[in-house]
Amino acid sequence: MGFLNGKRALVTGVASNRSIAAGIARAMAREGAEVALTFQNDKLQGRVEELAKEIGSSICLPLDVASDEAIVGMYEALGREWPTVDVVVHSIAYAPREALSGSYLESVTRDGFTLAHDISSYSFAALAKYGREQFSERAALLTLTYLGAIRAIPNYNVMGPAKASLEANIRFMAADLGPSGTRVNGISAGPIKTLAAAGIGGIRQMLQHVAATSPMRRNVTIEDVGNAAAFLCSDLAAGITGEVIYVDGGYSNVGMSLT
Ligand SMILES: NC(=O)c1ccc[n+]([C@@H]2O[C@H](COP(=O)([O-])OP(=O)(O)OC[C@H]3O[C@@H](n4cnc5c(N)ncnc54)[C@H](O)[C@@H]3O)[C@@H](O)[C@H]2O)c1
């Protein structure tokens with residue numbers, strides 16, 4: 001029997017087999033959760049449906065978080081399948097590619113800044129705002145963040161402020177939703193080669209650097225993140241809310257490595 005037996009988990013953000021959301025969906029299904037997936041657009045629908053088949057999920061819904069109406073529509077459709085939702089995973093981020101390389105000040109623009117915050121941070125609050133009526137008594141929300149929220153990381157640029165905003169969102173949402181029994185947490189993952197990461201300048205060097213200098217001397221995997229996500233969204237983590245848990249092989253804990 002898995003530790004998510006009987007839970008219904010909505011997992012957003014699958015774009016490929018390598019997406020962090022795919023690792024999370026697999027881990028949650030393995031631990032007994034019923035999983036519903038969303039896809040951003042028609043181009044991604046087929047890939048998401050393939051994963052759904054693999055994990056025995058029958059619910060795949062369209063969701064573009066750029067629109068509140070689309071979020072409301074997704075919850076209406078989900079409500080026709082499930083009376084309540086126990087877990088919502090937000091594994092979504094976006095910034096224009098040209099904002100993710102070179103100097104921060106040279107690459108940042110008003111439009112890029114606004115868009116990155118809208119899609120990568122506001123959307124998490126919106127998923128809670130429009131879904132809360134459907135949350136079960138002991139629901140758990142989870143988002144994915146990165147060290148760039150609290151440190152200046154080369155090329156991460158405007159995603160840094162967007163992730164800082166997302167991490168503040170975690171705390172405000174946890175305070176709002178705690179009294180009704182809902183927990184809100186984030187996982188700060190180390191770099192992983194996914195479609196989103198491929199858009200960040202210097203990602204290869206970043207992966208090599210972390211593998212060479214992190215305490216665990218390796219990069220983390222979507223399985224590492226998936227397992228931590230499954231735990232955080234289960235009743236095993238009933239006392240944890242408002243937290244950002246690092247799944248990064250310990251990289252964020254060291255100040256210097258003399259390898
Ligand atoms: N890969 C890494 O190194 C890493 C590290 C730490 C945190 N993260 C975070 O993990 C999350 C998932 O990213 P990933 O690395 O798995 O990449 P990914 O490209 O596989 O996933 C990003 C997802 O965001 C979705 N998305 C973007 N705009 C959207 C919109 N308007 N509406 C709905 N969905 C939208 C895409 O469809 C895609 O599924 C992101 O928040 C990312 O910042 C990634």
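Taking all protein chains into account, the per residue accessible area for the stretch 8-248 stands at 45 Å² (1.4 Å probe). Note on the stretch 94-190: with charges restricted to the Cβ of Lys and Arg (+1) and Asp and Glu (-1), its dipole about the Cα centre is near 220 debye. With respect to the chain, whose longest principal axis is taken over its alpha-carbon atoms, helix 203-213 is tilted by about 80°.
Among the lysines of the chain, pairs at least eight places apart or on separate chains and with Cα atoms under 23 Å apart come to 6. At the residue level, MET206 shows approximately 30 square angstrom of accessible surface with a 1.4 angstrom probe and all protein chains present. Against the chain, whose longest principal axis is taken from its Cα atoms, helix 222-232 shows a tilt of about 50°. For a paramagnetic label modelled on LEU105 (point 7 Å from Cα along Cα→Cβ), amide N atoms under 17 Å away belong, within the stretch 153-171, to 153-158, 161.
Within the stretch 164-213, which trypsin sites (Lys or Arg not before Pro) sit in a loop by DSSP and count at most 15 neighbouring Cβ atoms inside 10 Å? Counting only loop positions with at most 15 other Cβ atoms within 10 Å, the trypsin sites (Lys or Arg not before Pro) in the stretch 164-213 are LYS193. Dipole check for the chain: with +1 at the C-beta of Lys and Arg, -1 at the C-beta of Asp and Glu, and the Cα centre as origin, the magnitude is about 680 Debye.
Under the convention that each Lys and Arg Cβ holds +1 and each Asp and Glu Cβ holds -1, the size of the dipole of the stretch 189-259 around its Cα centre is about 380 debye.
Rounded to the nearest 500, the helix-only mean residue ellipticity at 222 nm of the chain stands at -11500 deg cm²/dmol, with each DSSP H run of n ≥ 4 adding -39,500 (n - 2.57).
Distances between placed amide hydrogens fall under 5 Å for THR145 paired with ILE187, SER188, ALA189, all partners being 5 or more residues away or on another chain. Can you give the local net charge around GLY79? Use residues other than it whose beta-carbon is closer than 15 angstrom to its beta-carbon, Lys and Arg +1, Asp and Glu -1. Once all neighbours under 15 Å are counted, the net charge is -2. As a fraction of the 1.4 Å probe accessible area of the chain, surface on carbon and sulfur atoms comes out at 53 percent. The residue list VAL65, GLY199, GLY186 was ranked by how far each Cα lies along the charge dipole of the chain toward its positive end, using unit charges on Cβ atoms, and GLY199 comes out on top. Of the residues ASN155, ALA126, PRO83, the one whose Cα sits farthest towards the positive end of the charge dipole of the stretch 81-173 is ASN155 (charges of +1 on Lys and Arg Cβ, -1 on Asp and Glu Cβ, taken about the Cα centre).
The values are calculated or read from the model by the stated rules, or taken from the named source; none is laboratory data. Computed from a predicted structure; not experimentally measured. Neighbour counts are summed over all protein chains in view; Cβ atoms, including those assigned to glycine, are modelled from backbone coordinates with ideal geometry. Each accessible area value is taken on the protein alone, full model and side chains, heavy atoms only, with ligands, DNA and RNA left out. Shrake-Rupley method; radii C 1.70, N 1.55, O 1.52, S 1.80 Å.
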